[in-house]
Amino acid sequence: MARRRDELNELRSIGINPYPYAFERTDFSKDILESFVDGAPQHDVAVAGRIMAIRRMGKASFCHIQDSKGKIQIYLRKDDIGAPYDAFKLFDIGDIIGVRGFVFRTKTGEISIHAQSIELLSKSLRPLPIVKERIDEKGHKTVYDPFSDKELRYRQRYVDLAVNPDIRDVFIKRALIIRTIRQFLDTRGYLEVETPILQPLYGGASARPFVTHHNALDIPLYLRIADELYLKRLVVGGYDGVYEISKDFRNEGMDRAHNPEFTMLELYVAYKDYNWMMELVEQMIGDVALALYGTTKITAGEHDIDCTPPWRRVRMFDIIQEYTGYNLRKKPEAEVREIAKTLHIDIDPKDGLGRVIDEIFSAKVQPMLVQPTFIVDYPVELSPLAKRHRSEEGLVERFEAYVNRQEICNAFSELNDPLDQRARFEEQAKLRERGDEEAQVPDEDFLRALEYGMPPAAGLGIGIDRLIMLMTSQESIRDVLFFPQMKPEK
């Protein structure tokens, strides 16, 4: 670093601005490499990128630069460039340069740019942890000294992106996934909307919130944990279909599937139910896979996943019985707790019946769900915002989709009976009194909205980050977030 600062000072002393204002780039590495034709007329280009390798040989030098689309070799000669070639000795790996020249093929067969001029665009004052690659005659790539320390990669994502092109590709796919979902919903006529991030009450999910304070109003406010209750207000107001792709916040632990700040899609469609919504989810996930890979069959880790509709549908109590041998249907809480104990599952004393059933499912069933599966018809105690089942007492019309052992979405036939909703909120209040900090808080304004009348509706929530993990075969949610939450550096 001291040497690089000395170089910086020397560059300035000879009249070179190490941080100029702009460079007119006309071409990218990938496009040049793909379009080059031997024997074609000379093609002049202007490229810009970061130096990733340098070979100096007296009055001639080679370097490789990396732009947003790939790498390309630059050939520099003092006779062509003149005085700026002498300054090239002060350039380092990591510096960003602009080059004008023409494309040719070297004697070793590599398509390169013969530089006619070179310009320093940004002097790098810290050395990059450059990754070395070697490709054999069969095309097999060997990587040396990879920048692979997880904590460093997450803390210094800018370095991770600069030296690991495969990581950049994950986030390009992330953007494509979100764009595909938007197009899927927009073409069906659903309206994309925005709802408050700062809320006087938090609701729509079972989670602890982040709390802040509004100075002018002198009131506490909460970062939203879900968009649901505001989006349903819009359905009350007359919209047939609304959706939001948003950041939500939950003050909870962090692991491979959880980050306190995450991206959600929520969709609400009037006059539909959860059966209709299952078909829509199948179609949408299939479209995402097609956009990424041209097929509905994907690879996630060691598993080949077939996202082709229709997906398996199975009731929650049925699949718990399938994997544990116990039928929990209509069992009292005390008996279900004993069954959990027999299955060696730790249950918190403050958890209600619904949470106990969910813990059994999470421990004994979820790890078995590799291929796309809809788990349907949940106990009413677990779903305070879902409509009661039309034919099964004690159940609600709810489904969750599981793929590669992860839940990727949650959906209901939405509860639109204001009296039933009030009673559910009151049950949630009792759970809070027992110490469940994630039980939902009654929202009187939302109840007032329901009292004006909400049509039958289907609602859906998809964890975008988990969907991207699945579609890009990443093991941790931190691998699909540019800047995951981390403990502060010491």
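The numbers here are math on the coordinates, done by the rules we state, and not lab data. No experiment lies behind these values; they were computed from the predicted model shown. Ideal geometry is used to build each Cβ from the backbone, glycine not excepted, and the neighbour counts take in all protein chains shown.
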Could you give each residue of segment 35-48 its phi-based ³J(HN,Hα) in whole Hz, using Karplus coefficients 6.51, -1.76, 1.60 with θ = phi - 60°, and x for Gly or Pro? 9, 5, 10, 4, x, 6, x, 4, 10, 7, 9, 9, 10, 8
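With a cut-off of at most 16 other beta carbons within 10 Å, and DSSP calling the residue loop, which chymotrypsin sites (Phe, Trp or Tyr not before Pro) in segment 150-210 qualify? Please list them.
Working: sites: Y154, Y158, F171, F184, Y190, Y202, F210; in loops: Y190, Y202, F210.
Here the chymotrypsin sites (Phe, Trp or Tyr not before Pro) that fit, given the DSSP loop and packing criteria, are F210.
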Taking 0.36 nm per residue of separation between S68 and F23 and subtracting their Cα-Cα distance, the length gained on full extension comes to 14.7 nm
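Express in nm, to one decimal, how much length is gained between M486 and K141 on full extension, taking 0.36 nm for each residue of separation and deducting their alpha carbon distance.
On the way: separation 345, 0.36 × 345 = 124.20 nm, distance 3.22 nm.
Stretched out fully, the M486 to K141 stretch lengthens by 121.0 nm.
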Between segment 226-260 and segment 402-441, how many Å separate their Cα centres? 14 Å
Enumerate the calculated ³J(HN,Hα) couplings along segment 174-189 in order (Karplus 6.51 cos²θ - 1.76 cosθ + 1.60, θ = phi - 60°), each rounded to whole Hz, writing x wherever the residue is Gly or Pro. 4, 4, 5, 4, 5, 5, 5, 4, 4, 4, 4, 6, 5, 5, 8, x
Assuming a ≥ b ≥ c are the square roots of the Cα gyration tensor eigenvalues, decide whether the chain counts as rounded (a/c under 1.5), prolate (otherwise, with a/b larger than b/c) or oblate. prolate
Once amide hydrogens are built 1.01 Å from N within the peptide plane, the residues lying 5 or more places from K387 or on another chain with amide H under 5 Å from its amide H are E397, S413, E414, L415
Estimated distance in nm for a label pair at L198 and H43, the labels positioned 7 Å out from Cα along Cα-to-Cβ: 5.3 nm
Can you count the Lys pairs in segment 1-105 with C-alpha separation below 26 Å, eight or more apart or on different chains? 7
Quick one: compute the contact order of segment 33-98, relative version, from alpha carbon pairs under 8 angstrom and 6+ residues apart, as a percent. 33 percent
Cut-off under 17 Å on the C-alpha distance; same-chain residues fewer than 8 positions from K430 excluded. Which lysines are left, in chain and number order? K350
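Out of segment 250-341, which trypsin sites (Lys or Arg not before Pro) are coil in DSSP terms and have no more than 10 other C-beta atoms within 10 Å?
On the way: sites: R250, R256, K272, K297, R312, R313, R315, R329, K330, R337, K341; in loops: R250, R256, K272, R329, K330.
Listed in order of number, the matching sites are K330.
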Using a ≥ b ≥ c from the Cα gyration tensor of segment 384-490 (square roots of the eigenvalues), is it rounded, prolate or oblate, where a/c under 1.5 gives rounded and otherwise the larger of a/b and b/c decides, a/b for prolate? prolate
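Given segment 113-229, report the % of alpha carbon pairs whose separation exceeds 23 Å. All intermediate terms of the calculation are to be shown ahead of the outcome.
Working: 4493 of 6786 pairs.
Value for segment 113-229 (Cα pairs over 23 Å): 66 percent.
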Show me, for segment 388-405, the HN-Hα J-couplings you get by feeding each phi into the Karplus relation (A = 6.51, B = -1.76, C = 1.60, θ = phi - 60°), rounded to Hz, glycine and proline as x. 4, 4, 5, 9, 10, 5, x, 10, 10, 8, 9, 9, 10, 9, 10, 9, 6, 6
Candidate aspartates and glutamates for bridging to K487, where Cα separation is under 19 Å - those fewer than 8 sequence places away on the same chain excluded: D149, E151, D160, E252, D255, E261, D479
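Rounding to the nearest 20 debye, state how big the charge dipole of the chain is about its Cα centre with +1 on each Lys and Arg Cβ and -1 on each Asp and Glu Cβ. Show your work: numbers first, answer last.
Values: 69 positive and 80 negative charges, 395 e Å.
Taking the Cα centre of the chain as origin, the dipole is about 1900 debye.
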Here the FRET efficiency for R12 versus D445, based on Cβ atoms and R0 = 60 Å and rounded to 0.05, is 0.45
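In nm², what is the average projected area of the convex hull enclosing the Cα atoms of segment 2-128? It would help to have the intermediate numbers written out before the result.
On the way: hull surface 31.3 nm².
Result: 7.8 nm².
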Please state the relative contact order of the chain as a whole percent: Cα pairs under 8 Å, 6+ residues apart? 12 percent
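Pick out, in residue order, every one of the chymotrypsin sites (Phe, Trp or Tyr not before Pro) in segment 254-353 that is DSSP loop and has at most 12 other C-beta atoms within 10 Å; say none if there are none. Present the calculation step by step, with values, prior to reporting the outcome.
Values: sites: F262, Y268, Y271, Y274, W276, Y293, W311, F317, Y323, Y326; in loops: Y271, W311, Y326.
Loop-located and lightly packed - Y271.
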At a threshold of 8 angstrom on Cα-Cα distance, excluding pairs fewer than six apart, so keeping six or more, what relative contact order does segment 2-128 reach in percent? 28 percent
Given R₀ = 51 Å, FRET efficiency for H258-T106 by Cβ-Cβ distance, to 0.05? 0.50
Would you mind computing, in nm to one decimal, how far apart the modelled labels at D169 and D218 are, each placed 7 Å from Cα along Cα→Cβ? 5.9 nm
Where in segment 68-104 does the amide nitrogen come within less than 15 Å of the point 7 Å from the Cα of R3, taken along Cα to Cβ? 89-95
Based on DSSP H runs of at least 4 residues, each adding -39500 (n - 2.57), what is the mean residue ellipticity at 222 nm of the chain after dividing by all its residues, to the nearest 500 deg cm²/dmol? -9500 deg cm²/dmol
Taking amide H atoms as placed 1.01 Å from N in the peptide plane, list the residues 5 or more away in sequence, or in a different chain, whose amide H sits under 5 Å from that of H43. V103
Interchain or long-range residues, amide H under 5 Å from Q116's placed H: R100, G101, F102
Charge-dipole axis of segment 307-394 as Lys and Arg at +1 and Asp and Glu at -1 on Cβ define it, positive-most pick from P384, V314, L369: V314
